[in-house]
Each structure stands twice: as structure tokens, then as C-alpha cells.
């Protein structure tokens, strides 16, 4: 911890509420022992944990959950939108409206519109809130996905998962509080900063698991195990080290840092025994695997991510992130989008079904979102020589769709809307800051009170913004 | 409180109170109460009222609130709705100025506001606009760090053995006042270990522990060793967000960054006066122009130019489409870095509004911003897409020219070698293809058993060879492309450096930090409230960085010497006299020993800003040489009133930094490579560099084998994700390369334990450590291992424990060598090895 007791008092006099102060003082006293210990939030939590689904690249809202009959009707006409100045985009956009190639229908009691590309999710619409008025600040992948994860486009800041663990600790002391699965770390859309802790305590950062593409393969964590030594020998080794450490500690009038090291060894050892079992699906039934689409086809990889996510949720991990890449459909959207959609549709629906069956749905918040959406006008990477089948759509930060479910979210709600072409959010707009505020709110955290003093000021996930989206709360 | 960074909420609104109301007062007030107040309460108060928030500095819950206004300049012209920004905002007339931000008001409500303004904006609400945030800024006179250094006489000698050093006299007088005895002197072995780790970043070797040299001589030897720079330069690099890649989006190589890293190491090793160190880094590239009475300065040397890498290298977002904003973001970053590193100030708060806590105004910020805005940092594009850091051609001596000619020759030879190796491989492929075809043909004809088997066997062989050659050809093609990519850095001597823009200019205030919402122009200059006040005048046609550098390094600047002396203290004690080493403002901490800090700062300047003299003075003090335990102080109940050891009643114990852990492991196992300096990026490692397009390092980029065992500071650093093989050190709280920080956090997390228990790196060190003493008898071997790693001999009971442990391992692992290696690894995992006490 950065701050002395007196500084906290100073801070408190500058407007931070008593609750935050009390929590901070409390944390200060035992942070030295275990920063992951579960903590109470500012108010009773609706969700105990989050499963965040990153649709990396920016899914098209017009082809998924934001039904735009006018766009289809005006297909091929010049777009009424001015292209944003100051903005560099690849390829040529002739700004002609580009209709969705897919049928929409209303589903569930709520009658939410869903395109035919998401047949499984269509059956879950009464459990899902659709946020059609999303918007964000940047239209390049790197800054936009950084903002999606950290709230900021141009600074390296702690990720939302790190904030959650910082604020609440975690339930299972044998596992990290924040786990990401196969998170993209390279190219424009990926970065380890998405799950980093920046200036927050390092233990709050995401632990990224590798999940091989091979069918049915289990996840792995680097250095988790050493095959050249059996558990007993390793226990002997740790006991030897512990004896030396304790002897040294006694001669040192005690020391919280040294005690922390001793405890981290113990946690590591517990992880070694608990985590590998969690990574394997040996005791999952064939029916469950099938539910998630784990069968070696295009649904296999994301299906395994979602099943892992459920297993971590059960085990008490606070924040879990899964990722589906390849949503950046600049070209050939008509042939590529169905693959992307099919890749996640079954698994997300399967996860919802499975969580409900296990009584975990109400306490697990699921968020499905890209870093932005796509333009209603076409983009032609072939400089005007392409045809309908090669067209795609550009990046669109002004309007897109996010799904939320479980964890105190009201199902069957469609909140917010874009204009009649799907370009700009116009009603009940929800910025990413608002999404962050809402996620923290469901976890029992007031986003304005979860702060960390760094570089002379108090930072928070939502900067100076963010309002809880009350319209989607149950 | 937070600083907003973009424009989603742009409140705008100050009022020119003209007060020529046409409506009668009563009518107007009635209208206000009936129509306007409810509207303001419903739609505006949540962001613009003292009880909620005051976004954009604007409160709308009192008349004086909007009369004093917000950040965007005059906006209600009473009586003139069309000239009022407030109305523009609610009408959504401008893209960046839309209020309320969530949803436009219905037209009836907009009409109410229009009518109200047309009436002269009558408003009965009297209470003063209370903006607590604005009023909390402390006055310059009240901030200790802005006051001139105070000269005091060190307190009288109070303990004979402690009399030697002014540091001790200040510290002891405070201890005595608190009724605390100082700790006993640390044992010699421990003191030597502490000295070696703090000054050189490596533990002492047994011969150094057994020698009888005086401590002064040991200190001088360590200060004179190259290892001193290897360790202390890293402390400085932490403050500069140094890395060998640029861009926070992709890992694009920062080909020339290493020159700045080497410059910093060299500056510490040659004990470059710190004021000169500042001047070079801020303005080394500028030749001092002739002026009346002043002759023109000399041409900048290569070193001068390289030093400005301090400003040029950083986590710049190179793909942002909004280039004007990008430029101001870089200005902001440079200003912050300069402010933090040299002055311990957090200027960034003043980007959007006057600093809420410190006596720094937005005006001060943009006066400095103009200096950096008149400075070129990014210049040119990489592959037409990504902005590039400005590169300056370095002046060369004759020797350097000759060396470069040699480099060019070698480079050409490497390219040619790659090409010809590829040709050979292609030729092989061609021939093998022929053999494969021929074999296949014969196979089709031959049906009998043995012949067929033989043919099939040779077909497999040919195909394997073909695949080999194909891989080789691909590797050589990649290598040739990588060499081509870095051609200019091998054939020219370039440095990342800043330079002045052709036409230096003042900056305009960026309202709420947006480069597209411009306020008044602010003349370039220095913060008003920080001495010296006779600030140098700017010369025409220059950015003002020379003047800035001289102002920073002026003996009368109250912050510069204090901040640096405190940083040195922090690195030697584990905590500064001011523990918030990067913040000397109102939100920072007060010094624990203000007179001592001033005394050290004054003496530091008198000693020619010599860092080595300062370090020497500190480590020779009895204060620094105390033991890390003090039972008498504990008995006196010190834990109740000074648990954090601010009074310095004992030495602080602390875990080694990531670099020191890795370097020490290599060192004690006899593997540390003493090679130093030069480029470190692994272009020539197959697969470590993608030469196509912009050229970038993939996630799994490996380091060059040739530098793998060098000290950590010489290894390449990425801005996102580590080069594999040094991910080990990232587990130990290596600061994020994208943040300037003078104080690292220390955590104990299970990933560290997993690395210590299971990583290949530590196991290879353990193997090497065992092999170093494999020839010795078991007893002597244990002895040597303890001496080399922990700086002491094992106790009798420890020897027995070790022997039992190794015996157990031998049984479970089935190998003498593996058992000993595990034992060595276990010692490297202990707190005693990982901590300095």
C-alpha cells in the first residue's frame, strides 16, 4: 500500500466517503498478510463474480442484435453520414449503405430481435439484457480495446479485473483472483496490458492461461508444475526452504514482506495441487461438453474457454475473461461473419444454460462485447473493385451492442438504441465507462469510491465518468 | 480527484453578467422558480452542483456558481441567448459540446432556457459557489518544498561513536528526543553484503568477505566499478519509461534506444555532475546561439544529442488517428516526466484545470507545454502508417567513422551471407525435388518387396532433407529481410533525440485537455511559484529548453537537489526521507528529517552535484551502517509510535529488485557475462523478429543467445510482454515500462514462487552452482554454496539439515547431481538470499 494512515485521513477530508476510508484502513492492516483475502464491498453485491467475453475486433451490431429494417431498405444508397474527420481508416469506404444479409426474428417473451446467425442465443433472450446504445471514444483496435479493459485509451492503467480483485479480494485462496484464458497479447487487438495491474498490487493482475487450439486440449499455466519432481519431493523442498526462512525470520524481529514470501510459497503449492484438476474436463459428462459445442468443430475452442470459465466460477475465481478473436470484418463479412457467430453462439448459450442448472447464474455476471461495433456503410478493401461478397464494414465507436446476463441483470430487456441505420447511439446511450460502473456496481462496489493514489492523484476505473445503467438491473 | 482526459462532458459555461434585465424582477424570479430551477435540478445538478459533482469546474446551483463559470470561457451572455454557449450546448449544435451528454433535452425545455437567458437570466440563489476542490490548493508559501533550503548547524555530538558524520548528528538527535537508542552496528559480513548489493547489485564473493580492507576502501572500489553504473542507471531508467520497443500497440523495435541506456550508465560511472546530467537530457541537442556578450556555444556532441533520448523515448501511441491530440499527449508526457524526475511535481493535474492541491496553475502548465510543443519528438512514418521517433545523425570522430565503415562492411557481408545461404538451400531443394520425383516414378514402376521398401525409405529421407532445406531457406530469407530493416542503423549513426521545431510557438490552453478545444495562448515560461524567480528570457527562434534546463539545474531551485538527494536516500535506505519520492507537493509526504534533507541537498550542490560523493557520505554514516534489528528500541515500545522506522532506529530490510535477483543468481553460479553496452535487439535470431511490414517482435520473441547471460540492464525491454527468457524478472515487480516511477512496488505473489520453484532459469543456475563445486567434498561444498549465496558459513545444525535434505532428494530423484542441484535451487529460493538486510 502506498499510503500512510495519515494520508488516508487527508484523503478522507477531500471528499472520499467513510466507507472507503474504513475499508482502506482495514485493508492496510492486513494487506501485508494477504491482499487476496475476501473483502466486503460498499453495498450488498448482486454478482459474486464476472465472466467477461471479449469479442475482439468489433462484431457488427446490424447483423446480430440491432435490427435495422431501414438499412436493408436503403441498401446501396449513399450514406447520410459524414465520415469523421481526423480519422485514418484502411481501405475505401464509398459510404454506401450496406444492408444486413441475414434474417431477423423476435424471440422469447420479451420479443427481442436476433439475427439468424445466433440461433442458440435466440433461445436465451429472456435471460439477457441487450444494450443497443453502446458507444466508446476511439476507433482503432489498440486504444479501443485498452479502453474496454482499463477505461483509458492512451495510458496504461489497471484492468477492470485487477480493480475488482483489488476491491474485493477473491473467494478461493488456492487460485488467482483474476484469470484470463488465451488472451490475445500481440497485434493491434491484443496486449497483456488488458489484464495488467499497472500500479495496483501485482497480485491483482490477470493470470493468463494458454489454451491450445488442438481439439479437447487442456489449459496450462507456465511454471505451474515441474515434471522432474514428484509432489512429495517438492513438499520436502518447500519444507526445507520454509525452515530456513523461519529461522531467518526469527533472527529478524519478524518482517511482513518476508512473511508474505513464505505465504506465497504456500499458495503456489496449493495452486499446484488444485489448478491442474480444474484445467481438465475428465469429470465433465459428454452431454455437458456437447452443450458447450466441445466437439472439435468451429465451436470447440470457445466452448472449452466457456466450460473452463464455468469451472473457475464454481471454484470461486472473482473475474474470468474469455476471448473470441476475428470479429474485425473489414472484408467479406457475408462469408466470414457466420463462422465468427457460430464460433461463440452455442458456447455462450450453453454456459447460460449450465450456470442456471447449477444455480450459479444469478450470482455470475456475464458480459459479451466487442471493443466497438461496425459501420452501417460498406468498406471495400479492393479500392472500389470489390463486389458485395467482398465488402465488409469499418470500425464504429459511435454505436454498438453489448449483452449482459445473470448477476442481477434483468433478462429480456433491450436498453438503448441507435439511429435507424445503426450508426450512432441516440437513446439511452451507454458509454464503456457506464458499463464499467455497472459491472462494479453489481459486484457491490461504488465505482467512484474504488480509487488508488498514484502519481499524486486518485485514479479509478471510470476516470471521472461512469453512471450505473439502472435500466438493465433486475 | 481525477483529471478528465477527453471531451465527452464539456460543460462550458461562464456568464458575462450584463444585468440589463428587461423583465421585471418579480416576473423573472417567478419564471426561474417555476420553470428553470426544476429543469436545472432535474437535468444539470447531477454533474454541476456542489452537493453532487462540479464537472468542468461549473456549478449551476447558485448564481455565483455560473457567474464564476467553468473551463470553457464565457458562455451565457445574459440577455443574448444566441451568443450563449449554454444554449449551444443544450441544442447539440456542436459535436464536442452536447449537454446533457446522455440525451438531448426536449425542445420545450430548451425553449425555457432560451427564454430565461433572454430575460437576463434572473437567479435568486445566493449561496457562494463552494468548490471545495478548487479551494484546496495550498498556497506556495505554505508548501515546504517550495521554500529555499534552510541552512542549519548539525546538532551537537551526542554519542561519541556516532559523531563522525552530519547525517548521524541529525538522526541521533531525533532518536534521542524520542527516547530511542540506535541499533548496534551491522556485523561486518552483513554490512559488506549490504554494500555490494546496494552499490553494485551483486552479492560479495568469499574473498571479498574475508579480506581485511577498510570499509572506506571497499566503498571506493565499488563506486569505481562498472557495476555501480549498471545498477544505478536502472534507478534512473525507471523514471524515463525506457524500453527497446516503441508504441503501446505493437512491439515495433526502437532500434536506437540502447544509446540512451548506455549514456545513462556511463553518466553514473563517470559521476557526471547531476546538473550537467539534467542540462544534457533536456537540451543537449541545442547549440547555444550567440548573443550580445555571449559567444556561440560549441556544436552538440554525440553524447549531448543522445542524452535527449530522455524526452524522445516513451510509450507513444503511434497509430492514433488524431494526430493533434497525439502531439499534445506527448507534450503532456514529457512535461510530466520532467516534472516528476527532476522536481517531484505532478504537473499533469494542471493539464485540464489549475492543480487542485499544489500551487501550479493551468497557466503554468501551458507555459511549459509551449516549450515541449516547440520540440519535435515524432518525425516521419514507419511504412507509411506508424509515426516514428525523430532520429538525429550523430557527429563522428575519425575513429568512429572507421569503425562505422567496418560495420557497414560486416553488415553487407551478413546480408550477402544470408542471400547465398538461401541460394544454396534453394538449389538443394531443387535437386532434392528432382530426386523425390524420380524416386516416386520408380516407386510407381517397382512393385517387388525389398526394392520397394528401400525406395520408400529413401523417399522419406529425401522429403525430410527437402523440408530441412525449405526451412533453412525461409530462415535466411527472414534474416535478410531483418538485416535490410535495420540497414540504416548499421550504416549510419543515429540517435533518438528531440530537436526544436523550425518555428517555436506558444501553446494554447487545451480546454479539459482536448487539443481541439482551444483557449487563450500562454507565453512560454516557467511555473510562477517555483524559484528562482528571475527566470531567464527566451531567445527568438528557440523552444526555450536551454532556459528550462538552466532553471531546473539552478542552485536556487528548491526542488531539484532535494528531490535527487531524496531519491538516492530512498535507494540506499529503502525509503526516502520523503517517502513519496515522486511527489513533493501538498499530497506528498513531509520529510521525516527536514533539516537533514536540506543539509544534504546543500552539500550535494557544494560538492559539484556529485552523486558518488553523496552515496559515499551516506553509506559511511553510522546511520546507514546500523544492524537491521534493534531489540532495545523494541523494548522501548517503538512499534507503537514509529512502526515504519521513519526515525531510522534500525536498517530496513527489503527484497532485492528483479534485476538484482536475476543478476545475483547468474553471478553466484558463475555464469554472469560481463559484456556491456551496445544494441540488444534480437533481429538475427530466427523467428524473433517479423521483418515484413512495419517489422515487429512477436510475443514469443527470444533474446539473442550472445547476450543471454548479461546483466539485466543490457537485455532488451519490450513495452508489452517480455522477451522470453527474461519473463523471470517480470514476476518480481519489474515496473511497467510505460510508467515513470521512482519507487517500485514490492509484492509477494504465488507466480513468483512458481518461478522460483519450477522455472528453467533458476534450475539452470542451480545446476551451474552445483557444478562449480562438484569437485569438493560434500561438507566443503555445502560450505562454499552458503558462502557464495548467503555470504556466511552454515551453522552446525544447518549442515545436518542440508545433508538430510540432500539424502532424501537423492532417494526420490534417483540422482546425486539432481539432488544437489535441487539443494542449490532451494538456497536460491530462501528469503535470506532474496532479501538484503
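The values are calculated or read from the model by the stated rules, or taken from the named source; none is laboratory data. Bear in mind that the values here come from a model prediction, so they are computed numbers and not experimental data. Positions of Cβ are generated from backbone atoms using ideal geometry, with glycine treated the same way; all protein chains shown enter the neighbour counts.
Out of A:454, A:433, A:447, I need the residue that is out of contact with any strand residue (DSSP E or B) (no Cβ under 9 Å at 6 or more places or on another chain), crowded, with 24+ Cβ neighbours inside 10 Å and within 14 Å of chain B (Cβ to nearest Cβ). Which one?
One residue alone meets the criteria, A:447.
From B:276, B:216, B:208, which residue is more than 25 Å from the chain's Cα centre (by Cα) and closer than 17 Å to residue B:614 by Cβ?
B:216
How many of the residues in the stretch B:281-299 are crowded, with 24+ Cβ neighbours inside 10 Å and out of contact with any strand residue (DSSP E or B) (no Cβ under 8 Å at 6 or more places or on another chain)?
The number of residues fulfilling the criteria is 4.
Picking from A:61, A:11, A:56, which residue would you name as being within 14 Å of chain B (Cβ to nearest Cβ) and modelled with pLDDT of 50 or more?
It is A:56.
Sort out which residues of the stretch B:471-509 are under 29 Å from the mean Cα position of the chain (by Cα), in a loop (DSSP other than H, G, I, E, B) and farther than 25 Å from residue B:409 by Cβ, and write them in order of number.
Answer for the stretch B:471-509, where residues must be under 29 Å from the mean Cα position of the chain (by Cα), in a loop (DSSP other than H, G, I, E, B) and farther than 25 Å from residue B:409 by Cβ: B:497, B:498, B:501, B:504, B:505, B:506.
Based on what the data block shows, is residue A:192 free of Cβ contacts under 8 Å to residues at least 60 places away in the same chain, under 16 Å from the mean Cα position of the chain (by Cα) and within 11 Å of another protein chain (Cβ to nearest Cβ)?
yes
Consider residue B:518 against the criteria (1) outside the structural domain of residue B:334 (by TED's automatic domain parsing); (2) free of Cβ contacts under 8 Å to residues at least 60 places away in the same chain: it satisfies all of them except one. Which criterion is unmet?
(1)
Let me confirm something: among B:350, B:367, which residue is within 14 Å of another protein chain (Cβ to nearest Cβ) and either assigned to a loop (DSSP other than H, G, I, E, B) or under 30 Å from residue B:145 (Cα atoms) (or both)?
B:350
Only one of (1) in contact with a helix residue (DSSP H, G or I) (Cβ under 9 Å, 6 or more places away or on another chain); (2) surrounded by fewer than 24 Cβ atoms within 10 Å (Cβ to Cβ); (3) within 14 Å of chain A (Cβ to nearest Cβ); (4) over 30 Å from residue B:267 (Cβ atoms) is not met by residue B:324, so which one is it?
Exception for residue B:324: condition (1).
I need a count of the residues in the stretch B:20-69 that are over 11 Å from residue B:125 (Cβ atoms), part of a loop (DSSP other than H, G, I, E, B) and at pLDDT 75 or above.
Count: 5.
Considering only residues that are part of a helix (DSSP H, G or I) and within 9 Å of chain A (Cβ to nearest Cβ), which ones fall in the stretch B:812-837?
B:812, B:813, B:818, B:822, B:823, B:825, B:826, B:827, B:829, B:831, B:832, B:834
Given the conditions (1) in the same structural domain as residue B:54 (by TED's automatic domain parsing); (2) modelled with pLDDT of 85 or more, report the number of the one that residue B:171 does not fulfil.
(1)
Among the helices (runs of 4 or more DSSP H) confined wholly to the stretch B:635-748, which include 2 or more residues that are within 13 Å of chain A (Cβ to nearest Cβ), more than 22 Å from the chain's Cα centre (by Cα) and in contact (Cβ under 8 Å) with a residue 24 or more places away in the chain?
Correct list: B:638-641.
Only one of (1) within 11 Å of chain B (Cβ to nearest Cβ); (2) modelled with pLDDT of 95 or more is not met by residue A:157, so which one is it?
(2)
What number of residues in the stretch A:457-474 are more than 8 Å from every other protein chain (Cβ to nearest Cβ), buried (at least 21 other Cβ atoms within 10 Å of the Cβ) and outside any helix (DSSP H, G or I)?
The qualifying residues number 4.
Could you say which residue among B:748, B:725, B:766 is modelled with pLDDT under 90 and surrounded by 20 or more Cβ atoms within 10 Å (Cβ to Cβ)?
B:748
So that you can scan it fast, the table gives a plain yes or no per residue for (1) free of Cβ contacts under 8 Å to residues at least 60 places away in the same chain; (2) crowded, with 20+ Cβ neighbours inside 10 Å; (3) over 39 Å from the mean Cα position of the chain (by Cα):
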| residue | (1), (2), (3) |
| --- | --- |
| B:43 | no, no, yes |
| B:50 | no, no, no |
| B:54 | no, yes, no |
| B:64 | no, no, yes |
| B:76 | no, yes, yes |
| B:84 | yes, yes, yes |
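Out of all the residues in the stretch A:230-252, is one or more at the interface with chain B (Cβ under 8 Å from one of its Cβ atoms), at pLDDT below 85 and either buried (at least 19 other Cβ atoms within 10 Å of the Cβ) or under 27 Å from the mean Cα position of the chain (by Cα) (or both)?
No, the stretch A:230-252 contains no residue that is at the interface with chain B (Cβ under 8 Å from one of its Cβ atoms), at pLDDT below 85 and either buried (at least 19 other Cβ atoms within 10 Å of the Cβ) or under 27 Å from the mean Cα position of the chain (by Cα) (or both).
Quick one: residue B:765 ticks every box in (1) more than 33 Å from the chain's Cα centre (by Cα); (2) closer than 12 Å to residue B:822 by Cα bar one, so which box is it?
Of (1) more than 33 Å from the chain's Cα centre (by Cα); (2) closer than 12 Å to residue B:822 by Cα, only one is false for residue B:765: (1).
Results for (1) over 18 Å from the mean Cα position of the chain (by Cα); (2) in a loop (DSSP other than H, G, I, E, B), shown as yes or no for each residue.
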residue	(1), (2)
B:316	no, yes
B:327	yes, no
B:337	no, no
B:342	no, no
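Given the residues A:173, A:106, A:157, which is the only one that is touching a helix residue (DSSP H, G or I) at 6+ places or on another chain (Cβ under 6 Å) and farther than 16 Å from residue A:396 by Cα?
Only one candidate qualifies: A:157.
Limited to the stretch B:646-689, what total is found for residues that are farther than 21 Å from residue B:728 by Cα and out of contact with any helix residue (DSSP H, G or I) (no Cβ under 8 Å at 6 or more places or on another chain)?
1
Which count do you get for residues in the stretch B:236-256 that are closer than 16 Å to residue B:333 by Cβ, away from chain A (no Cβ under 14 Å) and either over 13 Å from the mean Cα position of the chain (by Cα) or crowded, with 24+ Cβ neighbours inside 10 Å (or both)?
The total comes to 2.
Are any residues in the stretch B:104-115 outside any helix (DSSP H, G or I) and loosely packed, with under 15 Cβ neighbours inside 10 Å, and if so, which ones?
Matches in the stretch B:104-115: B:106 only.
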